[in-house]
Amino acid sequence: MESCPSVKNILLLDSEGNRVAVKYYSDDWQTNSSKEAFEKSVFTKTQKTNARAEAEIAMFENNIVVYKFAQDLHFFVTGGDDENELIVATVLQGFFDAVGLLLRGNMDKKEALENLDLILLCLDEIVDGGIILETDANVIAGKVAAHSIDSGAPLSEQTISQALATAREHLTRSLLNLELASPASGFQVGFCSQREH
Amino acid sequence: MAQFVKKDDDRDEEAEYSPFLGIEKGAVLQDARVFNDPQLDSRRCSQVITKLLYLLNQGETFTKVEATEVFFAVTKLFQSKDIGLRRMVYLIIKELSPSSDEVIIVTSSLMKDMNSKTDVYRANAIRVLCRITDGTLLTQIERYLKQAIVDKNPVVASAALVSGIHLLQTNPEIVKRWSNEVQEAVQSRAALVQFHALALLHQIRQNDRLAVSKLVTSLTRGTVRSPLAQCLLIRYASQVIRESSMNNQSGDRPFYDYLEGCLRHKAEMVIFEAARAITELNGVTSRELTPAITVLQLFLSSSKPVLRFAAVRTLNKVAMTHPMAVTNCNIDMESLISDQNRSIATLAITSLLKTGNESGVDRLMKQITNFMSDIADEFKIVVVDAIRSLCLKFPLKYRSLMNFLSNILREEGGFEYKKAIVDSIVILIRDIPDAKESGLLHLCEFIEDCEFTYLSTQILHFLGVEGPKTSDPSKYIRYIYNRVILENATVRASAVSTLAKFGAMVDSLKPRIFILLRRCLYDNDDEVRDRATLYLNTLGGDGSVVETEKDVKDFLFGSLDIPLVNLETSLKNYEPTEEHFDISSVPKEVKSQPLAEKKSAGKKPTALGAPPAAPTSTVDAYEKLLSSIPEFSTFGQLFKSSAPVELTEAETEYAVNVVKHIFDKHVVFQYNCTNTIPEQLLENVVVVVDASEAEEFAEVATKPLKALPYDTPGQTFVAFEKPEGVPAVGRFSNVLKFIVKEVDPSTGEAEEDGVEDEYQLEDSEIVAADYMLKVGVSNFRNAWESLGPDFERIDEYGLGPRESLSEAVNAVVNLLGMQPCEGTEVVAANSRSHSCLLSGVYIGNVKVLVRLSFGVDSSKEVAMKLAVRSEDESVSDAIHEIVAN
């Protein structure tokens, strides 16, 4: 109980229970077959439930699993059985919404597979080794998508659209910083990015 | 994978757009060559990495060679300035988890990124580097990590802090040096940085209670920005509460006000965490509980399933300890019985069953009946367990509850579920006398159509024990004999046993039972035939001499008090001779766990004049050794051999330990000696024992050791006579005497002349525990009941101040030398009282059971109540004397 809130795994499965992207953070499942067995049991026991409007929850082998579906994508987040259910649910919501943002609302398997790199980066930004990094979907999606190009690269190497993207990124970043930090330091960051241009 | 592809083939065109259709490891590894191109195509490289990650994610594994190849190729990609590609590079490096010699290749690139101007690089490079690094590398980058912790960019700071949490497991001494920086980060304005810093700081200081307490005190007064950090703080605060309550019993609970304040936080996560923390406080009062229960009750009617689940699960736990506090929520709970989410519904029902009052039972059962049909077996088992405890709580309601159980017993269900129901009915029959007849009939009906052999045999056995004691035993015979006609061999055999039990107990049924048993003589299974023949013989159904009534009952109802493993070994060793196999010679002591229940009835008849049977399997060797020595062969059977006790310090010239062999009238000390000096040969080795402090012992024999060469252990023995059956105690001082002869190390030959010498050994002792055998019982309660209160002795003792309760329990268990039963030797952490169950066999083959109740007060004074039951009054007193001394 004194431990930090933690997540044991995050699963993104399709409507037949096949993996789209999964990430395990706990040693509870050592082999791929035990992982697949867990996924199968979670999938079969949840597939009939209606977890589209609100996230649902179930218990599996001393774990709590919070899940939510969108079209043919099934999102799951697992935590230990003494974990605060609402924390696990927050992680799920962050993941779910961030994927929604990254796929621009087209939440289906085809779109997800085509943007698998984004989804993998998204998983990487939410949880690191079981410890929650970030739960705000906008921040997660921002971290994943915003930096398509190295801002340190000379502008001449960038196309116009890339340059625009870079500018937009800087803007959002300074806005983000404004939100997070005090107004004073926010200005400073904003000023710096302008100078870079 | 193949299946996955095939399915896609069959489906319509839309699905075939999958970018990974027909993907193959070999081809992707080929593609990875683009990483080596002089002109990097970052888009293409990203795609290939994605494919590699996809394969890994699907459970594909790379061989060592493949992984190394990919890793080296990937390192080339650090040349590209494309952020997207770089991020994929970070990901794949983490997935490949390179070995330490490979890590060196990327270290410099990652360190460069760690100090780059681009924050994304920095944060990610820190995480990657910390993931793959080892201790030596860590000292190199430590400086940068410390800077990163206090970096003004929250993402970078969080990355460093989270990496610190992971590194603390492997390199604690390094991470502990960062506490100043971490302390600073706790004050950060960025919400998540504060959360991660708090987690790391607490882990660094977790063994320093005072520091944790100070940390919590300062933060509960300050500002905590993110709900996650707030949850963390609640956990730490309740830890402080738990630890402080161990020291001071009275007074106000610290931080309770803080927890209560968190119930009004705006984030549900925090409200719930606080409510849960309050319900889990040690010895929480109902006044403290009320505000927490109130917010949980509000959650019960939330539209979010997760919130309802969290609340009902917590309330369910509270219901176990404070049922009254939860009754206010009963109306909300009842509406949850029909919840879409079956986990929530089940938790609601079980809570209701725990808190419900007697008058509400019938209504509740009606609601549950509708609910049972559409939930999974695992939930049903939970409900069955809850109903069983409800029934034990309200015995008057057994009728409706028993009906419910029998109804669900008839419905479809798996083995575990049926077993739970049968177990529940059996427990109810045992504990509620009124329920016996109806319960037995329900079980009879169940075995008429039962597909589980295990359950049938269990029920038949139970029927055999309980059936004959009912008002009309004959009505069960039909059900039992039907089994003989209809079932498989295993069930038939146990049905035969059950019939025999009826025959033995109910005289009026005997003739009819004989007829049925004789029919079984023609069964086509030999086990069934054998049993039928055996029972006909013992019950006198074939006109032969009938054994005494008592023996028959002992045989039929007494349980086997010998571990089956031991019996098996003994039977294997038995060689057919004139002498019959004597079951009493089978060792009874259990090494690992108690297997057989010891019933006094099962053993008494055989104990007549028979020597106490007791040796463990290692003791078998001792027994052989001792009986091969003519001086000791007349001592009878060995009762117990102690574990070796060292009589010398480690690494002295001569190593000696002693094993105490206890016989009925004798004690033999076996001294195991080892000579550790290569230049010496010892001859005529004896131990001279001074028994002046052991009045009841008289030396009768000594067996010297002729020669003790270097590094070859040898034994010398000394035997004492003592009063028969009396647990005499005493202290013995020992001196090792011998003749030393010098040995030439080059030839190994000893000189002719030796010198007499002696060597002082430590004292040995015979204590009361030496007369006690560790013999477990499987069901302590039954064994306790069956011994009866005739020779029960109860007294209370003060044990004085003790280090801890578990230390006191261990001390008493070791003093008595008895076998702890049912895991009761383990004391729960922080508990203030404990009961411990012990069993053993005392010299003279007297079974002894002990119930110990311990209590500890705030000054660590331990008090103990000792209740002893045994087959002999004097033994019960003797146990008390052991403790009293």
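Suppose the filter is open to solvent by less than 50 Å² (accessible area, probe 1.4 Å), modelled with pLDDT of 80 or more and out of contact with any helix residue (DSSP H, G or I) (no Cβ under 7 Å at 6 or more places or on another chain); does B:Ala614 pass it?
Values: open to solvent by less than 50 Å² (accessible area, probe 1.4 Å): yes; modelled with pLDDT of 80 or more: no; out of contact with any helix residue (DSSP H, G or I) (no Cβ under 7 Å at 6 or more places or on another chain): yes.
For B:Ala614, the condition - open to solvent by less than 50 Å² (accessible area, probe 1.4 Å), modelled with pLDDT of 80 or more and out of contact with any helix residue (DSSP H, G or I) (no Cβ under 7 Å at 6 or more places or on another chain) - is not met.
Checking each residue in region B:216-230 for being under 25 Å from B:Ala148 (Cα atoms) and either in contact (Cβ under 8 Å) with a residue 40 or more places away in the chain or away from chain A (no Cβ under 12 Å) (or both) picks out B:Ser218, B:Leu219, B:Gly222, B:Thr223, B:Val224, B:Pro227, B:Leu228, B:Gln230. Within region B:847-861, restricting attention to residues that are in a loop (DSSP other than H, G, I, E, B) and without any contact (Cβ under 8 Å) to a residue 60 or more places away in the chain, the residue that is most open to solvent (accessible area, probe 1.4 Å) is B:Lys860. When B:Gly467, B:Gly540, B:Gly503 are checked against the criterion of being on the phi > 0 side of the Ramachandran plot and of a type outside the set (Phe, Trp, Tyr), B:Gly540 stands alone in meeting it.
Within the set B:Lys146, B:Lys117, B:Lys152, the sole residue that is open to solvent by 10 Å² or more (accessible area, probe 1.4 Å), of a type outside the set (Ser, Thr, Tyr) and farther than 30 Å from B:Thr220 by Cβ turns out to be B:Lys117. Report whether or not B:Ile375 is at pLDDT below 80, closer than 30 Å to B:Tyr454 by Cβ and not hydroxyl-bearing (Ser, Thr, Tyr). When the stated conditions are applied, B:Ile375 passes them. Could you grab me the full set of residues in region B:187-205 that are in contact with a Pro (Cβ under 6 Å, 6 or more places away or on another chain) and either part of a helix (DSSP H, G or I) or of a type in the set (Val, Ile, Thr) (or both)? Hit for region B:187-205 is B:Val193, nothing else.
Within region A:109-132, residues that are facing another protein chain (nearest Cβ under 7 Å) reach partners that are acidic (Asp, Glu) and open to solvent by 20 Å² or more (accessible area, probe 1.4 Å) with beta carbons closer than 9 Å, at six or more positions or on different chains, in the pairs A:Lys110/A:Asp72; A:Lys110/B:Glu14.
Evaluated against (1) in contact with a Phe, Trp or Tyr (Cβ under 6 Å, 6 or more places away or on another chain); (2) away from every other protein chain (no Cβ under 14 Å); (3) of a type in the set (A, V, I, L, M, F, W, C), B:Ala237 falls short on exactly one condition, (2). Taking the listed residues B:His196, B:His202, the one that is farther than 20 Å from A:Ile140 by Cβ, open to solvent by less than 10 Å² (accessible area, probe 1.4 Å) and at the interface with another protein chain (Cβ under 9 Å from one of its Cβ atoms) is B:His202, with no other qualifying.
Pick from A:Ala53, A:Ala21: which is assigned to a loop (DSSP other than H, G, I, E, B) and within 10 Å of chain B (Cβ to nearest Cβ)? Spell out the reasoning first.
Details: A:Ala21 fails: assigned to a loop (DSSP other than H, G, I, E, B).
Being assigned to a loop (DSSP other than H, G, I, E, B) and within 10 Å of chain B (Cβ to nearest Cβ) holds for just one of A:Ala53, A:Ala21, which is A:Ala53.
Checking each residue in region A:43-60 for being in contact with a Ser or Thr (Cβ under 8 Å, 6 or more places away or on another chain), within 17 Å of A:Phe96 (Cβ to Cβ) and of a type in the set (A, V, I, L, M) picks out A:Ile57, A:Ala58. Is region B:122-145 home to any residue that is more than 12 Å from every other protein chain (Cβ to nearest Cβ), among the acidic types (Asp, Glu) and closer than 17 Å to B:Ser163 by Cβ? So far as region B:122-145 goes, yes, one or more of its residues are more than 12 Å from every other protein chain (Cβ to nearest Cβ), among the acidic types (Asp, Glu) and closer than 17 Å to B:Ser163 by Cβ.
In region B:375-412, which residue that is open to solvent by 20 Å² or more (accessible area, probe 1.4 Å) and not in a helix (DSSP H, G or I) is nearest to B:Arg363 (Cα to Cα)? If we take residues in region B:375-412 being open to solvent by 20 Å² or more (accessible area, probe 1.4 Å) and not in a helix (DSSP H, G or I), then B:Phe394 is nearest to B:Arg363 (Cα to Cα).
Annotation for region B:322-331: at least one member residue is free of Cβ contacts under 8 Å to residues at least 60 places away in the same chain and either surrounded by 24 or more Cβ atoms within 10 Å (Cβ to Cβ) or touching a His at 6+ places or on another chain (Cβ under 9 Å) (or both). Note on region B:89-104: residues that are under 20 Å from B:Thr63 (Cα atoms) and either free of Cβ contacts under 8 Å to residues at least 40 places away in the same chain or not in a helix (DSSP H, G or I) (or both) total 10.
Is it fair to say A:Asn115 is at pLDDT below 90, in the same structural domain as A:Leu13 (by TED's automatic domain parsing) and closer than 24 Å to B:Ala348 by Cβ? Talk me through it step by step, then tell me what you get.
Values: at pLDDT below 90: yes; in the same structural domain as A:Leu13 (by TED's automatic domain parsing): yes; closer than 24 Å to B:Ala348 by Cβ: no.
Criteria not met by A:Asn115.
Residues in region B:42-55 that are surrounded by 15 or more Cβ atoms within 10 Å (Cβ to Cβ) and in contact with a helix residue (DSSP H, G or I) (Cβ under 7 Å, 6 or more places away or on another chain): B:Ser42, B:Cys45, B:Ser46, B:Val48, B:Ile49, B:Thr50, B:Lys51, B:Leu52, B:Leu53, B:Tyr54, B:Leu55. So, B:Asn282, is that one at negative phi, within 13 Å of another protein chain (Cβ to nearest Cβ), open to solvent by 70 Å² or more (accessible area, probe 1.4 Å) and in contact (Cβ under 8 Å) with a residue 12 or more places away in the chain or not? Here the answer is yes, as B:Asn282 does meet what is asked. When region B:641-670 is filtered for residues that are part of a strand (DSSP E or B), touching a helix residue (DSSP H, G or I) at 6+ places or on another chain (Cβ under 7 Å) and open to solvent by 10 Å² or more (accessible area, probe 1.4 Å), the ones remaining, listed by number, are B:Ser641, B:Lys660, B:His666. Any residue that is in a helix (DSSP H, G or I), open to solvent by less than 40 Å² (accessible area, probe 1.4 Å) and either among the charged types (D, E, K, R) or at the interface with chain B (Cβ under 10 Å from one of its Cβ atoms) (or both) - is there at least one of those in region A:56-79? There is no residue in region A:56-79 that is in a helix (DSSP H, G or I), open to solvent by less than 40 Å² (accessible area, probe 1.4 Å) and either among the charged types (D, E, K, R) or at the interface with chain B (Cβ under 10 Å from one of its Cβ atoms) (or both). Please verify whether B:Val175 is of a type outside the set (Gly, Ala, Ser), assigned to a helix (DSSP H, G or I) and closer than 21 Å to A:Gly142 by Cβ, treating the condition exactly as stated. When the stated conditions are applied, B:Val175 does not pass them.
The values are calculated or read from the model by the stated rules, or taken from the named source; none is laboratory data. Remember, it's a predicted structure, so these values are computed and weren't measured experimentally. Neighbour counts run over all protein chains shown; Cβ positions are idealised from the backbone, glycine included. Accessible surface areas use protein heavy atoms only, side chains included; no ligands, DNA or RNA. Shrake-Rupley method; radii C 1.70, N 1.55, O 1.52, S 1.80 Å.
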